[in-house]
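S.K.: The structure's right below; bear with me while I get my questions together.
Read-outs: derived from the displayed coordinates by stated rules, not from any lab. The structure displayed is predicted, hence computed values, not measured ones. Don't worry about glycine lacking a Cβ; one is built from the backbone with ideal geometry, like all the others, and counts go over all protein chains shown.
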Amino acid sequence: MPVSPSRRVAFDVLRKVARGGNASDLLRIHSANLSSRDAGLASELVFGVLRYQAQLDFLIQYYSGRDTGGLDLEVLIALRLGMYQMRHLERIPRHAAVAESVDLVKRAHKRSAAGFVNAVLRKVDDVAVMWPSWEIALSCPAWLLENWKRMFGREGAARVARAFLRKPETYVWVPASRRGELRKYDVEATEVPGCYRVISGNADGLQRQDIGSQTIVPLLELEPGQQLLDLCAAPGNKTAQAVERGARAIAVDSSFDRLAAMNVPGAERVAADGSRPLPLCTEFERILVDAPCSGTGTLGRNPEIKWRLQPSDLERHHARQVALLENALDRLAPGGQLVYSTCSLEYEENEQVVEEALSRRPPEFVLADQERRIPGVDPGDGFYAAVIVRLRASYPQERIHDAED
Ligand SMILES: C[S@@+](CC[C@H](N)C(=O)[O-])C[C@H]1O[C@@H](n2cnc3c(N)ncnc32)[C@H](O)[C@@H]1O
């Protein structure tokens, strides 16, 4: 029996994700020729398997009596796909889930495992399971849960991890000039100006941007005509918001390709490493450092990150983030305002970066505000933002005395 297109695509994407690929990008490429119904099922299978991976592996061990570590990747993926459909998707007939997983291992030239996959999946029932640990119950690595527990408490950490098991909402950013077109779409306004939640349909033609991401630019308090240095700009979502507010933006990014693909009329583009002295000889009233990060605020959207990320990655991100922020602070004009932001939940990438960079600056650099969006508490992805202002040079002390006399 040929494997259905949606399961074939899901299997191929999951195999590539296991080798380091990005699930969303791969799905977009592999689903290009599928009907929208098949593409929808492929997406549901890929993200479902990645979100619930720890639970699915526990169940595979439970029903097979074998450690999943000893299974070939293709066999493991076929089992995860079958298990996910049987335990989570009521509309899929059980026999179809079993038969298709068996066919998937045959298609992957693992014929000898077909009997094993068939035998394991036929045992699967609907009985509720007592998960042996909170990392399996929440399908999240223990070290990440511990990190979140330190910041949000045990129940707060569990709430974050549970939020990442749900399919995220889709949000779009709609500039004021295009709001007249909104009647063509099934969307509703949110509390963030310009941000709309997609109720149904795919909102093709509108720019997708998470609601959390749309809260960052307003923190710059831009005034029309102000010059903005956007230090990590590509793909330009936030640059576009800033330009709409009348900023004259200089968009810097170290990735030439990402910068070249950026389409924000009115923004000047500069390919440069933002952690090193910049080829720009001016100070800026406004600076945005939307730093590259681990992305742990986006695990609902990018669930593969949670299985890849290692604690040592946070140290690497931290070092780069401090270098970017320090370089940016060197370019902040007196009276200017800088926003440092990440879509990470981790202390090492957020508060610790800001504390370290500010500890090496004179006292005129002041942390004015910090904001955090927490999945499960706030809608959308997790975000962190710090607002740093550089006070104008202090008024000479002797003049103050003169004035008092
Ligand atoms: C979180 S993304 C920025 C998203 C963007 N601000 C937006 O809203 O569309 C981080 C960006 O930083 C860039 N980047 C990484 N290291 C950099 C560096 N040393 N200097 C400048 N840009 C860097 C990456 O290429 C990536 O485009």
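S.K.: Once you treat every alpha carbon in the chain as an equal point and sum by Debye, what is log10 I(q)/I(0) at q = 0.11 Å⁻¹?
M.R.: Debye intensities relative to I(0), on a log10 scale: -0.89.
S.K.: With axes computed from alpha carbons, what is the tilt in degrees of helix 73-88 against the longest principal axis of the chain, rounded to the nearest 10 within 0 to 90?
M.R.: In the chain, helix 73-88 runs at an angle near 90 degrees to the longest axis.
S.K.: Net charge near F284, counting Lys/Arg +1 and Asp/Glu -1 over other residues with Cβ under 11 Å of its Cβ?
M.R.: Residues near F284 contribute 0 overall.
S.K.: If you place +1 on the Cβ of every Lys and Arg and -1 on the Cβ of every Asp and Glu, how big does the dipole about the Cα centre of the range 5-130 come out, in debye to the nearest 20?
M.R.: So the dipole magnitude of the range 5-130 works out to roughly 260 debye.
S.K.: Tell me, I250, I199 in order of fewest to most beta-carbon neighbours within 10 Å?
M.R.: Fewest-to-most ranking of I250, I199: I199, I250.
S.K.: Picking from P334, P279, P235, which is most flexible by a Gaussian network model of the chain using Cα springs under 10 Å?
M.R.: P279
S.K.: Compute the helix-to-body angle for 36-51: its Cα long axis versus the longest principal axis of the chain, expressed 0 to 90° and rounded to tens.
M.R.: 80
S.K.: Now a separate question. Taking the Cα centroid of the range 53-80 and of the range 238-274, what is the distance between the two, rounded to the nearest whole Å?
M.R.: The range 53-80 and the range 238-274 have Cα centres spaced 45 Å from each other.
S.K.: Another question, if that's okay. Taking a ≥ b ≥ c as the square roots of the Cα gyration tensor eigenvalues, with a/c under 1.5 meaning rounded and otherwise prolate when a/b beats b/c, else oblate, which class fits the range 114-175?
M.R.: Oblate.
S.K.: Okay, moving on. Once you list every other residue whose beta carbon is under 11 Å from the beta carbon of A271, what net charge do they have if Lys and Arg are +1 and Asp and Glu are -1?
M.R.: Value of the local net charge: -1.
S.K.: From the helices alone, meaning DSSP H stretches of at least four residues, give me the mean residue ellipticity at 222 nm for the chain, per-run term -39500 (n - 2.57), in deg cm²/dmol to the nearest 500.
M.R.: Calculated at 222 nm, the ellipticity per residue is -13000 deg cm²/dmol.
S.K.: Pull out a ≥ b ≥ c, the square roots of the eigenvalues of the alpha-carbon gyration tensor of the range 210-390, then state rounded if a/c is under 1.5, prolate if not and a/b is larger than b/c, and oblate in the remaining case.
M.R.: Rounded, because the longest to shortest axis ratio a/c is under 1.5.
S.K.: With a sphere of radius 13 Å drawn around the Cβ of D369, what net charge do the other residues whose Cβ falls strictly inside it have (Lys, Arg +1; Asp, Glu -1)?
M.R.: -2
S.K.: Just need the Rg to Rh number for the range 5-130, please, alpha carbons only, Kirkwood Rh.
M.R.: Here the Rg-to-Rh quotient is 0.94.
S.K.: In debye to the nearest 20, how big a dipole does the chain give about its Cα centre with +1 on each Lys and Arg Cβ and -1 on each Asp and Glu Cβ?
M.R.: 2200
S.K.: Figure the gain on full extension for A96 and R392 (residue separation times 0.36 nm, minus the Cα-Cα span) and round it to one decimal in nm.
M.R.: 99.6 nm
S.K.: Identify which of D57, D67, D126 has the largest mean-square fluctuation in a Gaussian network model of the chain, with springs joining Cα atoms closer than 10 Å.
M.R.: Fluctuation is largest for D126.
S.K.: Return the whole-Å distance between the Cα centroid of the range 137-185 and the Cα centroid of the range 289-355.
M.R.: 17
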